[in-house]
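Asks: Below is one structure. I have some questions about it.
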Amino acid sequence: MASSALTLPVPEAEVTGVELHVAKSGSDTAAGTARAPLLTIGAAAALAQPGDTVVVHEGVYREWVNPPRGGTAAAPITYQAALGADGLFEKVTISGAEVIADWHPHAGSAGRVWVATVPNSLFGSRNPYLERIGGDWFFDQVNTWHTGEVYLDGKSLYESLTMAGVEHPEVTVDSFDQAGSLLTWYCEVGDDVTTIWANFGGADPAGHQIEINARKFVFWPAATGIDYITVRGFTLTKAATQWAPPTALQEGLIGPHWSKGWVIEDNTITDSKNVGVSLGKEASTGQNEAAAGPKGAKGGTQREREVIQRALALRGPAAGEPHPWDRDHVGSHTVRRNTIRDCEQAGIVGHLGAAFSTISDNHISRIHVKRQWHGAEVAGIKLHAAIDTVISGNTIHHTHRALWLDWQAQGTLVRRNVFYASTAEDFMVEVCHGPYLVDSNLFLSPWAVKDMSSGGAYVHNYIAGRIANCTEHQRYTPYHLPHSTAVYGVSNILGGDNRFYNNVFVGDGACAEHTEPQSEPTLASFWSGAIDMDGVPGQATFMPTPVGTSQYDAYPTAQEYPNEHGSALAGPRLPVWIEGNLYAEGAEPFRAEPTAIITGASPVRVEVLDTAAGTLRVEVTHPGTHVVAPVTSERLGTSYQAEMGYTNPDGSDLDLSADLCGILRGEVVPGPFAASAPVTRILAAPEPAGRR
């Protein structure tokens, strides 16, 4: 609201806030001071104004924190765990689960099966034991999996679709924890009560803590446009979230819900039924129309294009709608230094709402480990429209896919991340036009990259897995004006327009057995140890090749490109620029790479020491013997479709002078480590501050 000519607004920099304290000894009728704390975080949220800090003291808070208002850029509202005398965060848990203590032996089960009856009033308007998981791109359309969950001492059990599966459980073959999959539960919902049967593997529930999902969200505003909130230092756990495709409301255990400027930092985020952190879209722009439509209706790709146009056309609160999708109103979030684990769809997800954001220094693991069902939105991080989004310093392991950029990765920076133990691939980039930069990362899984895009620049990476590349002539996806959400055009994926400079490729000792293009469904049989490559449409094909860049042999160089002729439908294949890469232990270069370095033993060796903690040993033997040309924004040029340079999100030139650990490179050598790097070092996955 505009101020009058006689009254000047208070500058944002002068806004000061108060502390509102919350403690398990408090009362929601108290003043909220340190001596008279409130009892619930929700009561503090109702009082908090821009600039205020809600300080939560040690304990378990079983509630959905639904902030009714946000702050400003200069005066955010902050929610944080209290600091103890040692300067570390107190142990504060916010949980979407409730403890259920009234368990009885099920008749005739000889103590194997226990039963509890829960009043439906516990769940409010959405009973997670009645709500079925589903939506666009959710593959299992037959079985009735629920958003509810049962936990034994904090560890989730496996849902059974029948009572027999509780009485006589069988191993879930694809699970990461097959022994744990024998702990099962089954539910039935009546008019007034929900009955749950559980097999605790011989444990008497009287001697353990048994919890069930009771709330959909842990920290999530019901309204959109709740801007500038900081959430810091908590354990956030156990939410009955729904499947989160890009064409529906993307629910998360925590998330800003179509707002701007959130900071989610130094938390432990665990056990969302689907998504841990959602930076994604709201519901009015689309809600699973592709899955709900009749046979022969519009497909998901068209529905997704419609979602984007609707988001751009939103009129905002004055017209009774959420804010439109632009830099001024949506995105610009920071998600950093969190531990995110045990979520069955994704650690972090976002369509549209993750634009202009930074996702850094998180430790993401155990994503999609139970594997009772599957869908096309499963990854450690899965983002659509990651425009000017920086993804840096994360360690992601024991997932299906580690990082998946789908549609509109433009101005995106993927820097200094560590990926390993992915059962599909470390990095998938699907139907994007770029420009996007992938530099100084460690790709350690058998499959490193699935490239179904153009406009990528891969620089100074260590790549120990294979690359799969294919075009996509059937799907037309948007690209944008530089550093903007405004759509510049749409195009299919011609392939190429990629740059590979100064990477280290380390072979895996296997050779390709086929030389003809092969369709996606049979690729897994080409090499021993080959892995699931789901997600590619049936018309997509690619040539199997060893580790290295020979995957791009079918593409022209810049010199050959003028003679590249395409069809009226597809257009010409775009050129590739591949120089200064080192190929060790059988890795193979692009057919026309002018400066390929081929060696026996790799000058850099990376070994995973502790798979759970995410620690790695890096051995550097002789990195300084192969000097290559440095990479700059000028050298990378501009992407073909968006006609946009490779820059930082603010448009400034890239600085690639430091290695993965921040050491200045000096003489430039291939790979993520500087020539002066220590011979042996240990890299550890990041942990939330105050939890070490």
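Asks: Kindly establish whether Thr237 is touching a Leu at 6+ places or on another chain (Cβ under 9 Å) and of a type in the set (S, T, N, Q).
Replies: yes
Asks: While we're here: Could you list, in sequence order, the residues of the stretch 234-265 that are surrounded by fewer than 24 Cβ atoms within 10 Å (Cβ to Cβ) and either modelled with pLDDT under 95 or part of a loop (DSSP other than H, G, I, E, B) (or both)?
Replies: Leu249, Gly261
Results for (1) in contact with an Asp or Glu (Cβ under 9 Å, 6 or more places away or on another chain); (2) acidic (Asp, Glu), shown as yes or no for each residue.
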position	(1), (2)
Gly87	no, no
Glu90	yes, yes
Ala110	no, no
Val115	no, no
Pro119	yes, no
Leu122	yes, no
Asp136	yes, yes
Tyr151	yes, no
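Asks: What are the residues in the stretch 313-356 that are in contact with a Pro (Cβ under 9 Å, 6 or more places away or on another chain), touching a residue at least 60 places away in the same chain (Cβ under 8 Å) and among the charged types (D, E, K, R), if any?
Replies: Within the stretch 313-356, Arg336, Arg337 meet the criteria.
Asks: Looking at Ala110, Ala164, Ala116 in this structure, which one is within 25 Å of Asp204 (Cα to Cα), touching a residue at least 12 places away in the same chain (Cβ under 8 Å) and either among the aliphatic types (A, V, I, L, M) or surrounded by fewer than 17 Cβ atoms within 10 Å (Cβ to Cβ) (or both)?
Replies: Every option except Ala116 fails the conditions.
Asks: Still on this model: Please go through the stretch 436-464 and give me each residue that is more than 18 Å from the chain's Cα centre (by Cα) and within 13 Å of Val631 (Cβ to Cβ), ordered by number.
Replies: Result: Asp439, Ser440, Ala457, Tyr458, Val459, His460, Asn461.
Asks: In addition: Evaluate the stretch 321-340: report whether one residue or more is of a type in the set (A, V, I, L, M, F, W, C), within 24 Å of Ala291 (Cβ to Cβ) and assigned to a strand (DSSP E or B).
Replies: no
Asks: So, in the stretch 276-315, exactly how many residues are aliphatic (A, V, I, L, M) and closer than 24 Å to Asp326 by Cβ?
Replies: Final tally of qualifying residues: 9.
Asks: Keeping to the stretch 309-331, report how many residues are among the polar types (S, T, N, Q) and buried (at least 24 other Cβ atoms within 10 Å of the Cβ).
Replies: Let us first name the residues in the stretch 309-331 that are among the polar types (S, T, N, Q), namely 309.
Next cut, buried (at least 24 other Cβ atoms within 10 Å of the Cβ) only: none.
Going through the stretch 309-331 one residue at a time, the tally reaches 0.
Asks: Tell me, which residue of the stretch 494-526 that is modelled with pLDDT of 95 or more and not in a loop (DSSP other than H, G, I, E, B) is surrounded by the most Cβ atoms within 10 Å (Cβ to Cβ)?
Replies: Here the residue is Phe505.
Asks: Here is a follow-up. Is it the case that the stretch 45-53 has a residue that's modelled with pLDDT under 95, polar (S, T, N, Q) and surrounded by fewer than 21 Cβ atoms within 10 Å (Cβ to Cβ)?
Replies: Start the filter on the stretch 45-53 by keeping residues that are modelled with pLDDT under 95, which leaves none.
No.
Asks: Any residue in the stretch 628-645 that is more than 24 Å from Val668 (Cα to Cα) sitting within a Cβ distance under 8 Å of a residue that is β-branched (Val, Ile, Thr) and not in a helix (DSSP H, G or I)? List the pairs, counting only those 6 or more apart or interchain.
Replies: Met644/Thr638
Asks: Only one of Ala421, Ala448 is of a type in the set (A, V, I, L, M) and either under 17 Å from Phe500 (Cβ atoms) or surrounded by 24 or more Cβ atoms within 10 Å (Cβ to Cβ) (or both). Can you tell me which?
Replies: Working: Ala421 fails: either under 17 Å from Phe500 (Cβ atoms) or surrounded by 24 or more Cβ atoms within 10 Å (Cβ to Cβ) (or both).
The match here is Ala448.
Asks: Separate question: Which condition from (1) assigned to a loop (DSSP other than H, G, I, E, B); (2) in contact (Cβ under 8 Å) with a residue 40 or more places away in the chain; (3) not aliphatic (A, V, I, L, M) is the one that Tyr79 breaks?
Replies: Condition (1) is where Tyr79 drops out.
Asks: Check every one of the strands (runs of 3 or more DSSP E) wholly within the stretch 577-633 and list those with 2 or more residues that are under 28 Å from Ser454 (Cβ atoms).
Replies: Once the strands (runs of 3 or more DSSP E) in the stretch 577-633 are filtered for at least 2 residues that are under 28 Å from Ser454 (Cβ atoms), what remains is 577-579, 582-584, 597-599.
Asks: Within the stretch 539-554, does at least one residue satisfy the condition of being modelled with pLDDT of 95 or more and touching a helix residue (DSSP H, G or I) at 6+ places or on another chain (Cβ under 9 Å)?
Replies: No, the stretch 539-554 has no match at all.
Asks: A further question on this structure: Out of all the residues in the stretch 478-510, which are touching a helix residue (DSSP H, G or I) at 6+ places or on another chain (Cβ under 8 Å) and more than 28 Å from Ala629 (Cβ to Cβ)?
Replies: Pro478, Thr485, Ala486, Val487, Val490 - these are the residues of the stretch 478-510 that are touching a helix residue (DSSP H, G or I) at 6+ places or on another chain (Cβ under 8 Å) and more than 28 Å from Ala629 (Cβ to Cβ).
Asks: Could you list, in sequence order, the residues of the stretch 266-313 that are hydrophobic (A, V, I, L, M, F, W, C), assigned to a loop (DSSP other than H, G, I, E, B) and at pLDDT 95 or above?
Replies: Leu279, Ala283
The values are calculated or read from the model by the stated rules, or taken from the named source; none is laboratory data. Computed from a predicted model, the values in this text were never measured in an experiment. For neighbour counting, all protein chains shown are included, and Cβ atoms are generated from backbone atoms with ideal geometry for every residue, glycine included.
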